[in-house]
Each structure stands twice: as C-alpha cells, then as structure tokens.
Amino acid sequence: MSAPAKLPRWADLVLLPAVSLAAALLLSAGLVAVMGESPVTALRLLFAGAFGTGDAIGYTLYYATNFIFTGLAVAVAYHAGLFNIGAEGQAYIGGLGVGLVCLAGGSWPAWVVLPLAVAAGAGFGAAWAFIPAWLQARRGSHVVITTIMFNFIAAALMTYLLVNVLIKPGQQSPESREFGANAVLPAVHGLLAKLGFEVAASPLNLAFGIALAAGGLVWVLLWRTRWGYRLRVAGANPAAAVYAGINPGRITIGAMLLSGALAGGLGLNELAGSQHRILLDFPGGAGFVGIAVALMGRNHPVGICAAAVLFGALYQGGSQLSFDLPRINRDLVVVIQGLVILFCGAMENVWRGPLAALLARLRVESRESRGESQK
Amino acid sequence: MSVSPERVPALDLRGIDKRFGPVHANRAVSFAVRAGTIHGLIGENGAGKSTLMNIVYGLQSPDAGTLLVQGREVHFRHPREAIAAGIGMVHQHFMLVENFTALENLLLADGAAAGSAAGRAAAREKWDRLALDHGLDVPLDAVVGELPVGVQQRLEILKALGRKAEILVLDEPTAVLTPAEATQLFQLLGRLRAQGKTVILVTHKLREIMAVTDRVTVMRQGAVVAELDTAATSLRELAEKMVGRSVLLQVEKGPGFPREVLLEVEQLAASDDRGVPRVKGISFQVRAGEIVGIAGVAGNGQSELLETLAGIRTPTGGAIRLAGRDVAGDDPAQRRRLGLAHVPEDRLKLGVVAAFAAEDNLILGQQERPEFGRGVLLDRRAIAAGCRQAMAEYDVRPGDPRLRLGAFSGGNQQKLVMAREIGAGPQVLLVGQPTRGVDIGAIEFIHRRLVALRDAGKAVLLVSVELDEILGLADRILVMNGGEIMGELPRAEATEEKLGLLMAGVRAEAGHED
Ligand SMILES: Nc1ncnc2c1ncn2[C@@H]1O[C@H](COP(=O)(O)OP(=O)(O)OP(=O)(O)O)[C@@H](O)[C@H]1O
Ligand SMILES: [Mg+2]
C-alpha cells in the first residue's frame with residue numbers, strides 16, 4: 001500500500017545488491033548442504049574456479065563480455081521506457097551479420113574485415129530490433145510481446161540457414177566452415193604475449209575491450225547528448241516528452257535500434273572472438289541474463305559491467321564446481337544462477353523496506369549517541 | 001499563548017525535527033491543536049507543512065521530538081498506526097483506485113473482503129448511513145475516475161471518517177476545487193467541528209484561513225514563527241508573518257499598450273481524449289503587450305484549449321496563427337521555435353519529469369537550444385549554471401540544481417516551471433493556473449513577472465480558475481462555459497458579479513463579442 005521505501009543512493013547501489021547476493025548464496029549453500037557437500041568448500045571452489053588462475057579470470061571475463069553487451073542492450077531500451085526481451089534474438093541475428101562478413105572476407109586484410117564485422121553485427125542486430133520497434137511506434141503492438149516472438153523467429157531462421165545454406169559441405173553438424181585467420185578477433189593472451197606478458201590461454205578476446213568501449217559510448221549517448229536526454233524524458237514521462245516537442249515514436253525506434261546493435265556485439269565475442277564459425281544457439285541465453293544484469297546494474301554502464309563480471313564468474317566458477325564436486329551437477333549450478341537472478345533481479349524490493357527501516361533506526365540511534373559523546 | 005488547560009489537546013507536537021540531507025524541513029516544531037477546532041497551518045512553499053503532516057500521519061518518522069494524540073505519546077511507524085489512533089489524512093493527490101467504484105474503494109480501505117454479497121450489502125448500508133450522517137453526497141456505485149475532483153475528495157473524507165478519524169488532516173484541499181466545491185467543503189468541515197472532530201487545514205489561501213479556522217499556526221523555513229487566534233488577526237498580518245515582509249496582495253500594474261496581433265484563434269474546435277467535443281468553435285486574438293485572461297469554472301474546455309494551442313492536442317477544426325503564421329499542423333517543437341512557451345496546468349503530468357534533477361527539468365522543451373550544448377552534446381556546466389541562476393532569480397529553495405525535482409515542495413516546482421518558460425524568452429506565453437499551490441510571496445513574484453513580460457511587449461494568455469488572479473492581471477477577460485466563449489469584458493468593466501454570471505452560462509445582454 002505505502003510507497004516503495006527510499007534508500008540512500010549508496011545503499012541502493014551497493015548494499016541492496018550485496019544483501020540480495022548474500023541471500024541467494026546462503027540459500028544455495030543450503031542446497032549444497034542438502035546434496036551432501038560442504039557449502040564452504042563449494043563456495044571456495046566456485047570462487048577459485050572463477051578467479052583462481054589466469055585462465056579462470058580469462059574465461060570469467062569472456063562470459064562477462066556477452067553479458068555486458070546484452071545488459072547494455074536491455075538498459076538502453078529501459079531508459080526509453082521499453083522492455084526489450086529480444087536481446088537474445090538480436091544477438092543471434094547480429095552474430096549472423098558478423099559471421100557472413102567473416103566468411104565473405106576470406107581474402108581481405110584484417111583491418112578491413114574486422115571493422116566490417118563490427119558494423120555488420122551492430123547493423124544486423126539493429127535491423128532485427130527495428131521491426132518490433134516500428135510496430136510499437138506506428139501500430140501500438142507492445143515490444144514485450146513482439147520481441148519475444150522475434151526470438152523464436154530468429155532461432156527458426158538461423159536453424160534453417162545453418163542446416164540448408166551455411167553448412168560446411170560434406171559435414172553432419174549444422175555449422176559453417178571456419179573463418180580465415182584474417183577474420184578472427186585477436187585473443188587477449190596473444191596480444192599480451194606480444195607485449196611480453198605471459199598469461200594463460202583463454203577465449204578472452206578483443207571483444208571485451210569493445211564491450212567496455214560500448215559501455216562508455218552508451219554513457220555518453222544517454223547522459224551527455226541531446227538525443228540521450230530526449231530518450232530519457234520519453235522513458236520517464238511520455239506526456240512531458242510530447243509537451244517538450246519530443247516525438248515518442250522516433251525515440252522508440254532510435255532506442256531499439258541502439259539496443260539491437262548492442263546485442264549484436266555478442267556475436268562478435270562468440271563468433272569472431274571465440275568459435276571462429278557460425279553455429280547453432282551461440283547466444284546460449286545470454287540475452288535473458290542481460291535483463292538480470294541490467295536490473296542489478298541499475299541500468300548504468302558501470303553497474304552493468306560489475307554485474308556482468310559477477311554473472312560471468314557464476315558461469316565460469318559454476319562449471320568448475322560441477323567438475324570438481326561429483327554430487328553437484330550442471331543442473332544445480334543452473335539453479336544457483338537462477339537463484340541469483342531471482343534474488344538480485346526480481347526480489348530486491350523484498351529487502352528494500354526492512355533495509356530502509358534498519359538504516360533509519362541506525363541513523364537516529366547514532367544521532368542520539370552523538371548527543372552524549374562526540375564521535 | 002498557551003493551550004487552554006481544561007481540555008487535553010487533540011494533537012500535541014513537541015519539538016518535532018526532520019532533515020532531508022542538508023535540508024532542515026522541520027526545526028523543533030511545537031504546537032498544540034485544541035480538540036473540536038479547525039486549526040490552520042500556513043507557510044511559504046517549502047516551509048515544511050507537508051512534511052510535518054506526513055509525520056503526523058505516520059508516512060515519515062521524525063528525527064527527534066514527540067507526538068501526543070489525545071494526551072498519549074505515540075510513535076507511528078506506518079499510516080496504519082496513525083489511522084488506528086484516530087488520524088485521517090486527505091492528500092492533495094488522492095489515494096484512490098480510479099477504476100474501482102466508490103464503494104469498492106471504501107471496502108478496500110476497510111480491508112474487508114468484497115467477495116460475499118451479504119458483506120457488500122452490509123458495507124453499503126454502513127457507508128450510506130455514514131454519508132447521510134455527515135451530509136456527504138457520494139454516489140457509491142460510480143467509477144471513481146469519472147467523478148469530479150470535489151466528489152473524489154468527499155470520498156476521501158468519507159473514507160477517513162469511516163475509519164473513525166477524530167483528527168482530520170487536509171493538505172491543500174482547495175487547490176483543485178471550484179469555488180462552489182470549496183464552499184461545500186468548508187460547510188462540511190464546520191459540521192464536523194460541531195460534532196467535536198478536530199481539523200487541521202493546510203492551505204495557501206489566506207481568505208480560507210480567515211473564513212473557517214479558529215486558530216492558525218504560521219511556519220517559516222521549518223520553524224513555527226507565530227500562533228494566532230484567527231479572530232484576533234488579519235489577512236495582512238498573516239501574510240507578513242508568513243513571508244517575513246509586507247506583501248502586495250494586489251500586483252501593481254500600469255495600463256497596457258496592445259500592439260500587433262501575435263496569437264490568433266479562429267473557429268477552433270477540439271475534443272478530449274474520449275472524443276467528446278470540449279472546445280466548440282471559438283475565436284479570439286491576443287496582442288503584443290497585453291494579458292488576456294480566460295476565466296471559467298474548471299472543466300469548461302480551458303485545459304483542452306491550452307493543450308491545442310500548445311500543439312499537444314490536435315484540433316478538430318479551425319485555425320491557429322502565431323505571429324501571422326498558421327501553426328495548426330505544427331508540433332510543439334516547431335511552435336516553440338516560433339516563440340511559443342507554455343506553463344501547463346497540470347505540471348506534474350506534463351510539465352516536469354519528477355525523477356530528474358532540477359537542472360535537467362530546466363531544459364525540458366529547450367533541449368535543442370544552442371546555449372545548452374555544443375552540436376549533439378549537452379553542456380552540463382552551462383545547464384547547471386543556468387539552473388543556479390534561475391533558482392536564485394526565482395528564489396527556489398533549496399537552491400540545489402542536482403536535487404530530484406520530486407523532492408521540491410509543490411510551490412517550488414511551480415517556480416521552476418515558470419522560470420524555465422519565461423526564461424525561454426517567448427513572444428507568446430500560454431499559462432495555465434500559474435499560482436496553483438504557490439505561496440502568497442511567490443504569487444506576488446510570479447504576477448510581477450507576467451506583468452513585466454507584458455510590458456516588454458509580449459503576448460500572454462492566462463487561464464485561471466482564480467477570479468482574483470484574472471482580475472488582478474488581465475487587460476481583457478474572456479469567459480468560457482461549455483466550450484464556448486460566453487462573453488468578453490475589458491478589465492475596467494469586469495466585476496466579480498458580471499464574470500460570475502457569464503461563468504454560469506448566462507450570456508451578457510450588452511454584446512461585447514466580435
Ligand atoms: N523526500 C524529500 N527529499 C528531500 N527533500 C525533501 C523531501 N521532502 C521534502 N523535502 C524538502 O523539505 C522542505 C519542506 O518541504 P514540504 O513539502 O514539507 O514543504 P511545504 O511547506 O509543504 O511546501 P508547499 O507549500 O510548497 O507544499 C522542502 O525544502 C523540500 O524540498
Ligand atoms: Mg506541501
């Protein structure tokens with residue numbers, strides 16, 4: 001009934017996610033104990049699996065790259081008042097763009113192919129987001145519905161293309177042929193080796209840097225440009241946007257184009273950076289995890305990068321965990337990831353009220369005690 | 001003056017203190033409200049009245065101080081507890097479910113199960129009787145969203161009374177009411193007092209204080225500065241106590257010198273969101289150097305007229321010319337570029353983004369202007385500087401450009417909107433209810449700015465339901481009723497009686513119409 005409790009900024013940004021995460025991990029620990037393993041050992045293994053070695057960190061950041069791209073995609077749409085559930089499909093089609101350029105550019109130099117691949121990933125992702133955006137802006141069909149449908153259409157289209165068109169001749173599995181060496185994003189360990197640093201090999205590649213740059217770009221676009229201002233007004237108060245001479249339909253389309261372009265970045269990381277071919281289902285649900293990442297990161301690029309690393313660590317550490325502890329299988333790891341999404345994304349408001357009350361009480365008490373003895 | 005000893009005060013505030021970060025909203029506020037009286041609470045915008053009342057209602061908790069209800073110390077953590085202690089509150093923004101019927105809202109307030117038909121019938125009987133006892137006319141089966149504000153407010157009061165409220169807090173209840181509705185409200189408050197209930201009335205309208213209260217507390221910058229018996233004070237004294245200086249209750253204004261026509265409306269027609277015609281073919285002109293006032297009871301098409309002129313609503317017929325150019329097909333951005341500015345009637349809905357900082361609200365509608373950026377980029381420093389300057393000029397408190405707009409008091413939000421629209425340097429300014437919820441010091445200031453704009457040779461179209469405001473500012477007055485212009489009077493010929501007749505739909509016999 002009452003309005004949502006207001007927390008101080010620092011508590012909203014740091015304390016609340018931390019409490020949610022702790023609660024999720026606590027519940028997971030309970031599950032682990034029920035399975036007959038030691039929660040302490042499990043947590044240690046999870047952490048070590050994610051950050052313990054150079055290649056573990058590499059893998060964690062490699063996964064995080066996907067989540068940064070999709071988290072940013074969700075956040076940009078969110079600021080325009082749109083709930084883009086289609087990052088998954090946009091990433092899938094974006095990857096198609098990346099792959100087609102990489103396959104086609106067999107004889108071109110890397111400095112031509114790679115920028116073209118970046119542009120194609122963004123362009124294909126944006127194009128896939130354009131149709132739902134246009135439908136909402138001009139026809140009033142809700143993007144929540146249409147973007148979900150476009151995920152299915154993207155999956156069907158990619159399956160068709162891989163099975164019938166792109167498949168490497170004379171092969172059973174639906175995959176394209178490998179990209180040429182000129183059409184591959186350099187791996188980070190390779191780059192560092194050239195500079196004289198020896199680090200363990202991992203799929204971490206230049207796309208990570210591109211993702212961070214995209215985060216910076218999103219920040220500038222949303223908070224430092226006139227277009228970003230219009231976008232945020234349209235998202236926060238559509239009636240005021242009309243009053244201010246902002247065309248909400250144009251904003252819807254622009255925001256979704258950017259959102260889809262960002263999601264397309266995932267294809268860069270997965271295909272040009274790691275798999276070096278087009279294959280089935282490479283987004284692997286990262287588009288949906290992006291929703292949780294954006295929520296937890298408060299739709300701000302810095303928060304999204306932090307939340308993406310957390311989810312990357314859960315992926316990487318989780319797979320290590322199921323490898324090391326026989327009684328904890330892959331499914332339990334998925335459950336743990338699900339719990340984190342549930343607690344950090346959906347259930348944060350459960351803690352908000354009690355936390356605000358607690359903080360208020362602490363503040364009053366500290367003021368009272370200061371009355372007697374100056375702290 | 002001390003509280004009369006024979007009766008325990010209904011409400012006793014002792015040293016209530018509340019801070020919002022750097023803002024000291026309530027400074028050791030102490031006063032008592034006698035049982036069975038109507039107690040006025042006045043003060044400038046941001047003086048801390050709403051904060052104090054929210055504390056009394058358990059919506060916010062004080063940092064220090066105690067609250068006594070009927071002599072017993074209480075510490076509310078939630079409105080539920082305040083309600084249980086017999087306190088009811090009617091907010092300026094009603095807390096009703098708009099697509100429920102009145103009865104369903106009352107059931108919700110009771111926490112009663114609406115499921116059983118028998119329960120419903122019993123509830124209907126109970127509320128019917130209560131409404132009858134208090135002379136509150138509320139159609140229980142009407143959908144709330146379709147009721148006039150005055151009736152919605154009565155429903156809120158009924159809700160509070162049904163929860164056995166002995167103390168009723170009303171925060172700016174008349175800001176949205178028509179004069180007739182306000183009169184009804186005050187009659188009701190008088191009856192409640194006669195039944196021994198206690199009423200706390202927060203308002204900016206000193207006339208209302210003089211007319212209905214027994215005692216009045218004046219706040220300034222979070223602290224109580226005076227407590228007076230209403231019978232022993234005057235409008236002027238109250239105004240001075242509130243603002244801390246003497247106030248002009250009537251703005252000084254020389255004769256106008258109207259020049260060329262800047263805004264011309266011809267046979268304009270417009271409908272509301274449901275397609276009901278609200279503006280029915282009206283024509284008028286506003287010249288450079290004059291203020292044209294549109295008087296009328298709220299809901300007679302003034303809102304739709306303003307929105308149509310601003311380009312937010314598409315006209316269903318007629319022409320709008322801005323400095324000679326037909327703008328009927330132009331969007332709000334194009335009209336702004338032609339020198340139109342607009343202070344909307346409903347500032348929270350249209351005029352601001354409550355979640356944004358004050359500085360970001362000060363560029364709303366002006367986000368493309370060259371002084372706020374370079375190329376596609378915004379210049380944060382220029383925006384903050386512009387905001388700080390506007391805040392100083394319009395005395396917006398607190399003067400913090402980074403503060404969320406929603407955290408400003410209602411009157412200060414309005415000052416920010418005025419600052420923005422006048423600051424845009426318009427040729428034609430459309431203003432709707434410019435001083436709704438604004439304190440008298442600020443009213444004086446806003447009125448001066450409007451007159452200054454006129455004297456600088458701009459055209460001002462003023463829509464207001466406050467006759468005082470129209471009479472004080474306008475050079476020419478048009479009266480709207482049922483979507484039509486009933487008549488036009490030059491200021492010199494306008495009296496409250498003549499306007500009142502026109503507003504009621506009685507056409508002037510001596511035709512001043514073109
Ligand atoms: N949630 C909040 N966060 C920060 N500051 C606040 C908050 N609520 C109120 N304030 C500040 O506290 C002061 C008192 O505000 P309050 O709303 O009580 O004023 P008011 O007397 O009701 O004014 P008005 O007549 O304009 O409604 C103002 O300076 C306001 O900006
Ligand atoms: Mg107030």
| Looking only at helices (runs of 4 or more DSSP H) that fall completely inside segment A:136-238, which ones have 2 or more residues that are within 14 Å of chain B (Cβ to nearest Cβ), loosely packed, with under 14 Cβ neighbours inside 10 Å and among the aliphatic types (A, V, I, L, M)? | none
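Just to verify a result, which residue in segment B:394-410, among those that are hydrophobic (A, V, I, L, M, F, W, C) and either in a loop (DSSP other than H, G, I, E, B) or closer than 13 Å to B:A442 by Cα (or both), is nearest to ligand 2 (Cβ to nearest atom)? Break it down into steps so the answer makes sense when it comes.
We begin by selecting, within segment B:394-410, every residue hydrophobic (A, V, I, L, M, F, W, C); these are B:396, B:403, B:405, B:407-408.
From what is left, the residues that are either in a loop (DSSP other than H, G, I, E, B) or closer than 13 Å to B:A442 by Cα (or both) are B:396, B:403, B:408.
On the way: B:V396: 15, B:L403: 16, B:F408: 10 Å.
That would be B:F408.
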| task | With the checklist (1) small (G, A, S); (2) in contact with a Leu (Cβ under 9 Å, 6 or more places away or on another chain); (3) open to solvent by 30 Å² or more (accessible area, probe 1.4 Å); (4) not assigned by TED's automatic domain parsing to the domain that holds B:L489 in hand, flag the one item B:A226 doesn't pass. | result | (3)
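Matching residues to (1) away from chain A (no Cβ under 14 Å); (2) within 16 Å of ligand 2 (Cβ to nearest atom); (3) open to solvent by 20 Å² or more (accessible area, probe 1.4 Å); (4) not in a strand (DSSP E or B):
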position: B:A328; (1), (2), (3), (4): yes, no, yes, yes
position: B:R336; (1), (2), (3), (4): no, no, yes, yes
position: B:E345; (1), (2), (3), (4): no, no, yes, yes
position: B:G365; (1), (2), (3), (4): no, no, no, yes
position: B:E371; (1), (2), (3), (4): no, no, yes, yes
position: B:M391; (1), (2), (3), (4): yes, no, no, yes
position: B:N412; (1), (2), (3), (4): yes, yes, no, yes
| said: With the structure loaded, tell me whether B:A424 is open to solvent by 10 Å² or more (accessible area, probe 1.4 Å), within 14 Å of chain A (Cβ to nearest Cβ) and either farther than 28 Å from B:A47 by Cβ or within 16 Å of ligand 2 (Cβ to nearest atom) (or both) or whether it fails that test. | reply: yes
| note | Reported set for segment B:10-30 where residues are open to solvent by less than 20 Å² (accessible area, probe 1.4 Å) and either outside any strand (DSSP E or B) or away from ligand 1 (no atom under 15 Å from the Cβ) (or both) is B:A10, B:L11
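One residue is enough: does segment A:245-266 have a residue meeting the conditions polar (S, T, N, Q), assigned to a helix (DSSP H, G or I) and at pLDDT 95 or above?
We begin by selecting, within segment A:245-266, every residue polar (S, T, N, Q); these are A:247, A:252, A:259.
If we keep only those that are assigned to a helix (DSSP H, G or I) as well, we get A:252, A:259.
Those left that are additionally at pLDDT 95 or above: A:252, A:259.
Yes; the residues of segment A:245-266 include at least one that is polar (S, T, N, Q), assigned to a helix (DSSP H, G or I) and at pLDDT 95 or above.
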| request: Starting from residues that are within 8 Å of ligand 1 (Cβ to nearest atom) and of a type in the set (A, V, I, L, M, F, W, C), keep the ones in segment B:31-52 and report whichever is farthest from the chain's Cα centre (by Cα). | output: B:L52
| field | Among the residues listed as B:A211, B:A175, B:A165, B:A231, the single one being at pLDDT 90 or above and assigned to a loop (DSSP other than H, G, I, E, B) | value | B:A165
| task | Starting from residues that are open to solvent by 20 Å² or more (accessible area, probe 1.4 Å) and in a strand (DSSP E or B), keep the ones in segment B:41-67 and report whichever is nearest to the other protein chains (Cβ to nearest Cβ). | result | B:A64
| task | Would you be able to tell me the number of residues in segment A:319-329 that are surrounded by fewer than 22 Cβ atoms within 10 Å (Cβ to Cβ), in contact (Cβ under 8 Å) with a residue 12 or more places away in the chain and touching a helix residue (DSSP H, G or I) at 6+ places or on another chain (Cβ under 6 Å)? | result | 2
| message | Condition (residue is open to solvent by 10 Å² or more (accessible area, probe 1.4 Å), within 18 Å of A:A244 (Cβ to Cβ) and away from ligand 2 (no atom under 16 Å from the Cβ)) applied to segment B:428-443: is it met by at least one residue? | response | no
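Does segment A:320-358 hold any residues that are more than 30 Å from A:R9 (Cβ to Cβ) and part of a helix (DSSP H, G or I), and which are they? Walk me through how you get there before you give the answer.
Going residue by residue through segment A:320-358, those that are more than 30 Å from A:R9 (Cβ to Cβ) are A:320-335.
Result: A:Q320, A:L321, A:S322, A:F323, A:D324, A:R330, A:D331, A:L332, A:V333, A:V334, A:V335.
Return yes or no: is B:I291 surrounded by 15 or more Cβ atoms within 10 Å (Cβ to Cβ) and either more than 16 Å from ligand 2 (Cβ to nearest atom) or among the hydroxyl-bearing types (S, T, Y) (or both)? Walk me through how you get there before you give the answer.
Details: surrounded by 15 or more Cβ atoms within 10 Å (Cβ to Cβ): yes; either more than 16 Å from ligand 2 (Cβ to nearest atom) or among the hydroxyl-bearing types (S, T, Y) (or both): yes.
Against the criterion (surrounded by 15 or more Cβ atoms within 10 Å (Cβ to Cβ) and either more than 16 Å from ligand 2 (Cβ to nearest atom) or among the hydroxyl-bearing types (S, T, Y) (or both)), B:I291 qualifies.
The values are calculated or read from the model by the stated rules, or taken from the named source; none is laboratory data. Since this is a predicted model, take the numbers as computed values, not measurements. Counting neighbours? That spans all protein chains shown, and the Cβs are built from the backbone with ideal geometry, glycine included. Note: areas computed on protein heavy atoms with side chains; ligands, DNA, RNA excluded. Shrake-Rupley method; radii C 1.70, N 1.55, O 1.52, S 1.80 Å.
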